[in-house]
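Derivation of every value follows stated rules applied to the coordinates shown; laboratory data play no part. On a predicted model such as this, the values are computed, not experimentally measured, just so you know. Please note: Cβ atoms are built from the backbone with ideal geometry, for glycine as well, and neighbour counts cover all protein chains shown.
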Amino acid sequence: MEESQELALTQFRKSVEKLSSSTEGYEKPTLMRFLVARSMNPGKAAKMFVDWQKWRASMVPSSGFIPDSEVKVELEARKIHLHGPTKSGRPLLIINGSKHFPSKDQLVFKKFVVHLLDKAIASGIKGKEVGDEKSVGLVDLQNITLKNIDLRGMITGFQFVQSYYPERLLKCYVLNMPSFFVTIWKFIGRFIDKATKEKIVLVTDEEERRKFEEEVGLDALPEEYGGRAKLTALQDVFLPSPAPGMLARNKDA
């Protein structure tokens, strides 16, 4: 690690302490994610980190993860699929937009977002957890109608990724966007920061589709997307732990 990064980490830890919290138990890669997300500004990164700790403690049970039973109504739609590893060794989280409808219970929906993001990250841990594991997203808008449009839900999802899962998204591909969704996407874009926008790829032609398949890899892609894998719903993927250990281990922070 470069000397400038070490210095930033030291200042970051001190700033966290000044905010009456601690970085004890968190590895350097985890802390670096917050620094990178805040352009290596220790003060801003420390605030983001402490805000994340408080949010995590309020959102997630003492077990360290949100069980299927708490988000059962969202899982029943079978709209989220978990695959991978991709060519880059990352989990692939697939969102089927045509199976999603605005939630009647926003708290349950927020818990569902946490549940799926935690599980995706956990599925990518091979051996010892490092703390900077990333995931790849695929949002499929094939056959969506106005009934599927959920502005609040989409904004919530991106805000959670940006504020509480910094530097966890490697890339997000958006497939089959209908013409009527373009205006909606521009509106949602107001709530997406620059760093996240740069990771989103709108696949709109054959060349971009070929590149998408090449980058993700046919072994990770389900048959429905030209790959070799069998489509697997999120709840049908069983892991030793449904959430990254560092999150569970620091649940009382």
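Contact order normalised by length for the chain, with contacts defined as Cα pairs under 8 Å and 6 or more residues apart; what percent is it?
On the way: 374 pairs, mean separation 61.0, N = 253.
So the answer I get is 24 percent.
Based on alpha-carbon centroids, what's the gap between region 156-210 and region 216-244 in Å, whole number please?
20
Compute the separation of the alpha-carbon centres of region 97-124 and region 1-17 and state it in Å as a whole number.
Centre-to-centre distance over Cα atoms comes out at 33 Å.
For region 65-164, which GluC sites (Glu not before Pro) are both in a DSSP coil and crowded by at most 11 other Cβ atoms within 10 Å? Before the final figure, lay out each step's value.
Working: sites: Glu70, Glu74, Glu76, Glu129, Glu133; in loops: Glu76, Glu129, Glu133.
Hits after loop and neighbour filter: Glu76.
Mind giving me the nanometre distance, one decimal, between the label points for Lys44 and Leu19, set 7 Å out from Cα along Cα→Cβ?
It is 1.3 nm.
Using θ = phi - 60° and the Karplus relation 6.51 cos²θ - 1.76 cosθ + 1.60, list the HN-Hα couplings for region 218-223 in order, rounded to whole Hz, with x at every Gly or Pro.
Couplings: 5, 5, 8, 6, x, 4 Hz.
In degrees from 0 to 90, rounded to the nearest 10, what is the angle of the helix 151-164 Cα long axis to the longest principal axis of the chain?
Value to nearest ten degrees: 30.
Step through the residues of region 91-107 one at a time and calculate ³J(HN,Hα) from phi using the Karplus curve (6.51 cos²θ - 1.76 cosθ + 1.60, θ = phi - 60°), rounding each to whole Hz and writing x for Gly and Pro.
Each residue of region 91-107 in turn: x, 10, 9, 10, 10, 8, x, 6, 9, 9, 9, x, 6, 7, 10, 5, 5 Hz.
For the chain, find the longest principal axis of its Cα atoms and tell me its angle to the long axis of helix 206-216, 0 to 90°, nearest 10.
50
Please identify the longest segment of the chain free of exposed trypsin sites (Lys or Arg not before Pro), where exposed means a DSSP state other than H, G, I, E or B and no more than 11 other Cβ atoms within 10 Å. Kindly include the intermediate steps, with their values, before the conclusion.
Working: sites that count: Lys104, Lys126, Lys128, Arg228, Lys230.
No qualifying site falls inside 1-103, the longest such stretch.
Among [x] 1, 5, 8, 11, 15, 14, 12, 10, 7, 5, 4, 3, 2, 1, 1, 0, 0; [y] 1, 7, 16, 21, 22, 17, 10, 4, 1, 0, 0; [z] 1, 6, 13, 17, 19, 18, 13, 8, 4, 2, 0, find the value of P(r) over Cα pairs in 5 Å bins from 0, in percent that was calculated from the structure presented, and write down its label.
Recomputing P(r) over Cα pairs in 5 Å bins from 0, in percent here picks out [z].
So if R0 is 22 Å, what FRET efficiency would Glu224 and Arg190 give, r being the distance between their Cβ atoms, rounded to the nearest 0.05? Walk me through the numbers on the way to the answer.
Details: r = 31 Å, r/R0 = 1.43.
E(calc), rounded to 0.05, equals 0.10.
List every residue whose amide H lies under 5 Å from the amide H of Leu202, counting only residues 5 or more places away in sequence or on a different chain, with H placed 1.01 Å from N in the peptide plane.
Placed amide hydrogens put Val174 under 5 Å from Leu202.
From the phi angles alone, apply the Karplus equation (6.51, -1.76, 1.60; θ = phi - 60°) to region 185-193 and give each ³J(HN,Hα) in whole Hz, x where the residue is Gly or Pro.
So the Karplus estimates, Gly and Pro as x, are 4, 4, 5, 4, x, 5, 9, 10, 6 Hz.
Within 10 Å of each residue's Cβ, count the other Cβ atoms and sort Ser63, Ser22 from fewest upward. Before the final figure, lay out the partial values.
Details: Ser63 11, Ser22 14.
The most exposed by this proxy come first: Ser63, Ser22.
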